[in-house]
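The values are calculated or read from the model by the stated rules, or taken from the named source; none is laboratory data. This is a predicted model, so every value here is computed, not measured. Heads up, the Cβs are rebuilt from the backbone with ideal geometry, glycines too, and the neighbour counts pull from every protein chain shown.
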Amino acid sequence: MKTGKSVIGVNQVVETLLTNNPKLIILSSNCPDNKKEDIIYYSKLVQVLVKSVKEDGIELGSICGKPFPVSAIGILDEGDSDIFSSFKK
């Protein structure tokens, strides 16, 4: 999160899918079903990988260093992280 570029939140992720081309979408385990369906639909249109994680929104927010729940993250630039290699396993 510190060296790369990302967007946080379901609305921002959907907007990014419509305007930019993110490299990866991460969804929390308790992401609202209607928003999850929208994100999956738009990601298939632009051929972006979507991964659901077992962590809920509170845990995902904590991992991102945010003091609030995070249901969706859109990765625009991974920076110095190895996030893509961790999802290939």
For the subset of the stretch 54-71 comprising residues that are under 15 Å from residue 10 (Cα atoms) and in contact with a helix residue (DSSP H, G or I) (Cβ under 8 Å, 6 or more places away or on another chain), which member is surrounded by the fewest Cβ atoms within 10 Å (Cβ to Cβ)?
68
Which pairs turn up if I take residues in the stretch 1-28 that are over 13 Å from residue 39 (Cα atoms) and look for partners that are surrounded by 15 or more Cβ atoms within 10 Å (Cβ to Cβ) and of a type in the set (D, E, K, R) with beta carbon separation below 6 Å, at least 6 apart in sequence or on another chain?
4/78
Is there any pair linking a residue in the stretch 71-85 that is part of a helix (DSSP H, G or I) to one that is at pLDDT below 90 and among the small types (Gly, Ala, Ser), with Cβ under 9 Å and at least six apart or on different chains, and which?
83/4
Suppose we filter the stretch 33-50 for residues that are basic (Lys, Arg) and exposed (fewer than 14 other Cβ atoms within 10 Å of the Cβ); how many remain?
1
Subset of the stretch 10-32, residues closer than 17 Å to residue 70 by Cβ and surrounded by fewer than 18 Cβ atoms within 10 Å (Cβ to Cβ), comes to 11, 12, 15, 29, 30, 32
